1. Please report the orientation-averaged projected area of chain C, defined via the convex hull of its C-alpha atoms, in nm².
2. For segment D:127-218, list log₁₀ I(q)/I(0) at each q in 0.12, 0.13, 0.16 Å⁻¹, using the Debye formula over Cα point scatterers of equal strength and ignoring solvent, two decimals each.
3. For C:SER95, what is the net charge nearby, where nearby means another residue's Cβ is under 12 Å from its Cβ and Lys, Arg count +1, Asp, Glu -1?
4. Quick one: which residues, 5+ away or cross-chain, put their amide H under 5 Å from the amide H of B:PHE119? H built at 1.01 Å from N.
5. Calculate the radius of gyration of the Cα atoms of segment B:93-172 to one decimal place, then report Dmax, the largest Cα-Cα distance, as a whole number, both in Å.
6. How high is the relative contact order of segment B:4-83? Use alpha-carbon pairs under 8 Å, at least six apart in sequence, and give a whole percent.
7. Anyone know which of B:LEU105, B:LEU59, B:LEU166 comes out most mobile in the 10 Å Cα GNM of chain B?
8. Non-local amide H neighbours of C:ILE233 (under 5 Å, H modeled in plane, Pro and chain starts lacking H): which ones?
Protein chains: 4
Amino acid sequence: MPSSATLLVSSPDQRGIVASLAEFIYKYNGNVLHADQHRDDGEGLFFTRIEWSLEGFALDREEFWNAFQPISTRFCMSPKLYYSIDRQRIGLFVSRQQHCLTDLLQRHQIGELPCDIAFIISNHPDASDVAQFFGVPFHHLPVRSESKPEAEAAQLRLIAETNSDLLVLARYMQVLSPEFVGKFPGRIINVHHSFLPAFTGARPYHAAYDRGVKLIGATSHYVTEALDQGPIIEQDVTRISHRDQVDDLIQKGRDLEKMVLSRAVRWHLQHRILTYGNKTVVFD
Amino acid sequence: MPSSATLLVSSPDQRGIVASLAEFIYKYNGNVLHADQHRDDGEGLFFTRIEWSLEGFALDREEFWNAFQPISTRFCMSPKLYYSIDRQRIGLFVSRQQHCLTDLLQRHQIGELPCDIAFIISNHPDASDVAQFFGVPFHHLPVRSESKPEAEAAQLRLIAETNSDLLVLARYMQVLSPEFVGKFPGRIINVHHSFLPAFTGARPYHAAYDRGVKLIGATSHYVTEALDQGPIIEQDVTRISHRDQVDDLIQKGRDLEKMVLSRAVRWHLQHRILTYGNKTVVFD
Amino acid sequence: MPSSATLLVSSPDQRGIVASLAEFIYKYNGNVLHADQHRDDGEGLFFTRIEWSLEGFALDREEFWNAFQPISTRFCMSPKLYYSIDRQRIGLFVSRQQHCLTDLLQRHQIGELPCDIAFIISNHPDASDVAQFFGVPFHHLPVRSESKPEAEAAQLRLIAETNSDLLVLARYMQVLSPEFVGKFPGRIINVHHSFLPAFTGARPYHAAYDRGVKLIGATSHYVTEALDQGPIIEQDVTRISHRDQVDDLIQKGRDLEKMVLSRAVRWHLQHRILTYGNKTVVFD
Amino acid sequence: MPSSATLLVSSPDQRGIVASLAEFIYKYNGNVLHADQHRDDGEGLFFTRIEWSLEGFALDREEFWNAFQPISTRFCMSPKLYYSIDRQRIGLFVSRQQHCLTDLLQRHQIGELPCDIAFIISNHPDASDVAQFFGVPFHHLPVRSESKPEAEAAQLRLIAETNSDLLVLARYMQVLSPEFVGKFPGRIINVHHSFLPAFTGARPYHAAYDRGVKLIGATSHYVTEALDQGPIIEQDVTRISHRDQVDDLIQKGRDLEKMVLSRAVRWHLQHRILTYGNKTVVFD
């Protein structure tokens, strides 16, 4: 596969944006592979994702920004550009339950997730074996309320040392501090084991059982300072019945968690997600 | 189809219940058509639904209760018995939007709902035509906050006159008073246009849009005094994306509302639903 | 809502198409409302749908084609242009079962289907009442194998007289002749009550029951001369179990049929569907 | 969890069966944990699954059959009895693709599958590492058409030596000989990567792509001598669009395959499945 570039743009909606962007890519001999766009009429916003082949494209990295500057300025764009050869690095956080972790590692192994996995951090030692099997450095960083600042400091060092682009909370049961979260806007993905906004907080399967719902769900979302309130990336549900006890919900829910989390991570890695306000645009 | 009887039983869970019930039906020459049961181990409760053919069954209505008394007493049962020849009567409540109403009437017409439709009550005149087409008496009873007591009094008279067994709120946008609701425990079914417990109250599609969820849902439930808090009978969801505006959610949601409401009404009419606490057992 | 125009384009994939189209709309002061595109890399084909507001757009109908000619020629396009003010006319075909028919009529009534319903044709008289209620001319045209040519001739006259754009087979149980079908390529939509390509032909619910599948489906598709082989527009499924008899499959299937057929009709009316080979592109 | 027994019964449908069974369990002081039943009216057959606690149950294994004999004879039953303490042993077959294998091993590790995994057989060496990680003996048995008899002989020896109860084909791409299959009726589970009966045979995702379906599926089923024709245990589907290429179908399908196969294996291990004719009853 030849390398490609992906441009993500948010801007106020104006006539001529698409023409300008398309003409720009064409002018420098880019061959568009995928393009998608969205208008939010209520907010007056425009979003687009354009991916083009770099084979024969006339601009290198520096030249791109010089050439693109006038368009960006004219339309007040917030552009982001990604090159497929810049392999992203992700860090995984996990607690005791390892089904999401193992699932991500296995998907990575068979090529579903285009990235390097820089490290696994856990507040428990349990995942050490699976980390070793998949060849990922494992760091056991216990967290107690009084030691959270030190633990987060250690986590931050590790993220900095490994130059990690994305943090994935694969059933990590510790709440990250607002200071920590604030350093990585749109760069931390969590999975919550309910159909948000229903059943925020702890023990959502127990809450779902108590309420007597007929479907249970899982939600992947970007982490913000407000717990379980960040922009939703993906959700899925499965049917349950009165026969299902809490343990059945937990078991059925694991499949949902694995799917919504892995989809979110893949889409993020493919630069398919734009956030605005507390929402996401996910280009398919 | 020969007529049948359906027995619904709730009781504390004890050894020997199923044997006693099965032996009882067998002894009086009942041919079991369907039987299902459920145990809630946490609560120590037992639930069963038995439907048997009355062809050749040895007990008439009065004799049944005399014969069944010892079992019922021994196991502290709350039994309910329904005969298929006792056609149930239902009353429909509707406001401006008629998609659920028309859907129920059409399903009734082709035989999906084994009941008579006694009346349609609306706080708007709009549904008068469709009521006439399907041959159901229509009553326009406007409701304003100051006139709600009179409106409910008129509704109660109509329910009493028609001997109605079940009330179905087919997108009826008025909140019924606790006094009214209290008269019909387990006999009022509502459809709420969200995946409860998310987005209770007014304008759930707007709330879902604002939160940026990726699935929308609908819920049918028995009405209790606590708004949108009653035992859930059925839920379903459909996928949406960032492209869907509130109007799209409303349109896609209509299909969900029709399905979850009609299933709930059919299951109720087939005596498949047992409520306990704030939950339902729905035998399939 | 101001009127809009929608352009559907199929062409060989070439660099510069999107730039040319976007620049064209922009040059004549069109405000793009929605735009979507698709490349089939295997076939080397490009597809796009562009909808723009006509408010302030500089070209009237005749001028459009003159102005667009150079682009169309340069890229070997097959363009189609639709104006929202040109209200489409559709004709409905139905047999005995009326659930799809009533569903479409009810959706039309509440504004889900932007079209006029020109007529209902049936080989049975049953739907006459519902046609009258919804104010649509009803034509009872019985079909026996020996009289099919005359019946089709009468149908063709009616279609011609009413200038109908689209024919919808809402559970019409007669097979149309290849001659008839050949006159309306991409203009006849059928619903088949199975998950195609499984269970083509007659009595698919019986076949599904016999095979013991765990899901049943329905499929809407464009009609071609090969029975049940045309381009698929939409499919959906629902879960069944060993408890479900053929009658249950038929009942559960009705909801699927209504949904997949109505979605197909709406998407067709919104010019969201492009066909190529035996496939569809459905822009969302 | 105390140990339990599960009785599976198929028989001609007759009055008195349930009463006899329930009375039998009750008489010997069994505490019923779950019970479910099904009647196939068309075939005149009765099926039931009863699970009861052995705590306090009066009959040991030998006594059970003596005591049960009269009931079994009277109703012409084919009964099967399973004790939860008799841990089942399963053998896994895999080829190159390991997603189903890893999924089963991971589910086994966290307790979703109540069994021992006796061995992994593969016609390729690739899965050796993952087998070692999960501590399961791995046997590389290459299969070429001329060597299939020897390969199957080696497989049979391994199955016999390990006393394996169930064979699971976790994307095993070799067709087993009728002789081999004939030795294990109802004891081999396969996953086919399509929504059967659509797309039997090789390369179903390619066939689905070519047909232009809007949903893809996967099916788990018992293996019989007729390829892809055995009794279906579970099916699931997911939505695709014109944007999805064959590779996308393969990727999305993997999640379906993992889920339908693991559910089938779990239900088999829990003795929830009865087969009759070419169908399954799956008690939930």
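1. Details: hull surface 66.4 nm².
That works out to 16.6 nm².
2. -0.51, -0.60, -0.84
3. Details: positive: C:ARG96, C:ARG171; negative: C:ASP126.
The answer is +1.
4. Counting only residues 5 or more places away or on other chains, the set is B:LEU92.
5. When restricted to Cα atoms, segment B:93-172 yields Rg and Dmax of 12.4, 40 Å.
6. Working: 125 pairs, mean separation 38.0, N = 80.
Relative CO of segment B:4-83 lands at 48 percent.
7. Looking only at B:LEU105, B:LEU59, B:LEU166, the biggest GNM fluctuation is shown by B:LEU59.
8. It is C:SER220, C:HIS221, C:TYR222, by chain and number.
Any read-out appearing in this document is the output of simple, stated calculations on the displayed coordinates, not a laboratory observation. All of these numbers come straight from a predicted model, not from anything done at the bench. Please note: Cβ atoms are built from the backbone with ideal geometry, for glycine as well, and neighbour counts cover all protein chains shown.
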